[in-house]
Structure formats: structure tokens, C-alpha cells
1. Any residue that is in contact with a helix residue (DSSP H, G or I) (Cβ under 6 Å, 6 or more places away or on another chain), among the acidic types (Asp, Glu) and under 20 Å from TYR143 (Cβ atoms) - is there at least one of those in region 42-62?
2. Considering each of ARG89, ARG30 in turn, give the residue that is free of Cβ contacts under 8 Å to residues at least 12 places away in the same chain and in a helix (DSSP H, G or I).
3. Only one residue in GLU40, GLU20 is open to solvent by 40 Å² or more (accessible area, probe 1.4 Å) and part of a helix (DSSP H, G or I), so which one is that?
4. Hey, could you check region 111-159 for residues that are at pLDDT 95 or above, aromatic (Phe, Trp, Tyr) and open to solvent by 40 Å² or more (accessible area, probe 1.4 Å) and say which is farthest from the chain's Cα centre (by Cα)?
5. Looking at region 79-94, is at least one residue aliphatic (A, V, I, L, M) and either in contact with a strand residue (DSSP E or B) (Cβ under 8 Å, 6 or more places away or on another chain) or open to solvent by 50 Å² or more (accessible area, probe 1.4 Å) (or both)?
6. Just give me the residues in region 43-60 being assigned to a helix (DSSP H, G or I) and either touching a residue at least 12 places away in the same chain (Cβ under 8 Å) or of a type in the set (Ser, Thr, Tyr) (or both), in sequence order.
7. Just to be sure I understand, how many residues within region 163-178 are open to solvent by 40 Å² or more (accessible area, probe 1.4 Å), more than 22 Å from LYS67 (Cβ to Cβ) and over 23 Å from the mean Cα position of the chain (by Cα)?
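The values are calculated or read from the model by the stated rules, or taken from the named source; none is laboratory data. Since we're looking at a predicted model, the values are computed, not measured. Cβ placement follows ideal geometry from the backbone for every residue including glycine, while neighbour counts extend to all protein chains displayed. Remember, those area values only see protein heavy atoms, side chains included, never the ligands or the DNA or RNA. Shrake-Rupley method; radii C 1.70, N 1.55, O 1.52, S 1.80 Å.
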Amino acid sequence: CKSSSSDLTLILIEVLSSCELEGNKVEHDRWIEVLARLIEKIEPNVVERETIIVKSVKFSSGGSNQKNPLMHKLLARIMAKEQNYEQARYHYLLSKDGVGCAKILIQLSAKAFNSEVDMVLVQVVLNLLVLNEKGTALETFDYYTKYHPKIRTYQPPFHTPLLNFAYFLLHIIDEKKL
């Protein structure tokens, strides 16, 4: 049964990929949500699941190089629910969901050394800036610093120079409209 559901999902993606849904965003997004629900029902240890995820991401982009934030947001939530925090972090980077990203980073930082709590955040903030996602980077930084149990402040001075650096970098970029 597991194999047939995976096979049917792959066939569905193939059929959807051959349809012309790019012009109809509502319909396209609806199918992205259906695919995410199907992926969620497939156990992580099923071999075809990774192929289904890759093909779903490709479908969601409509064949372009543009990433679809909705697909990545849904995949990030699935991965977080399964406690696959590294994959959740990856998908949140591409989801334009700063709050969701910060929440998963707070969970990830629980596994880090106390001295790395700031690095967990700053690494993602810099990644987001490289992806030209300034707004998401700022939203992630603000939520993380405000709600992380070892930080709990959203304005400088922070406990570490790295957080102060990231704060000023984000605000300089925001003010200069770089």
C-alpha cells in the first residue's frame, strides 16, 4: 500500500506538470497544498518520498528557476513536525516565513552549545541576505531574539557581539534600501 500511494503521487505530479496551471495561481496553490498533504502522509523512510519532494518542488516552481515559497513553507512545517530540523531549516530559508524560520531555529538551538545560540541565528540571517530576503531576515532576527529563552530582547545591546553586529547590519541595509 505504501508503494502504491507513492507511485500514485508520482503519477499525479507528472499529470499536474503537464497541465497549464501557471496562469491560475489559486488552482496552482491548491494543488501545492494537496501535494504537501500527500507528502505528509508518506512516512519519512519510504524511498520514493525524496523523489516526490523534489518533483513537487519542481512542479511548484512552474518549471522556472523561481522557488515557490508556499511549497517550501508547507514542506518546512512537515519536516518540523517530524523533528527533521535541518530539512525544516532549509525549507524555511526558501519560504519567506520569518516567524516560522525563527521558531525552528529556537528548537534547533536547543541542541547547540550555549556559546552557539547567536551563531544559529546569524548564519541563517546571512543566508537570507544572500538570497536577497531582507524582510524575512529581519523578521527572523526579531522573533528569534525576542522569544529565545536565553536572549529575550529585541533591541541592543545583546549579550554577544555577533547579535549586535547582525542587528546593526540588518538595520543599515534596511535604512539604505540596499
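1. no
2. Working: ARG89 fails: free of Cβ contacts under 8 Å to residues at least 12 places away in the same chain.
One residue alone meets the criteria, ARG30.
3. Values: GLU20 fails: part of a helix (DSSP H, G or I).
One residue alone meets the criteria, GLU40.
4. Top of the filtered list is TYR147.
5. Of region 79-94, the ones aliphatic (A, V, I, L, M) are 79-80, 88, 93-94.
Right, trim to either in contact with a strand residue (DSSP E or B) (Cβ under 8 Å, 6 or more places away or on another chain) or open to solvent by 50 Å² or more (accessible area, probe 1.4 Å) (or both) and you get none.
No - not one qualifying residue is present in region 79-94.
6. Restricting attention to region 43-60, the residues satisfying the condition of being assigned to a helix (DSSP H, G or I) are 49-60.
Correct list: ARG49, THR51, ILE52, ILE53, LYS55, SER56, VAL57, LYS58, PHE59, SER60.
7. Going through region 163-178 one residue at a time, the tally reaches 6.
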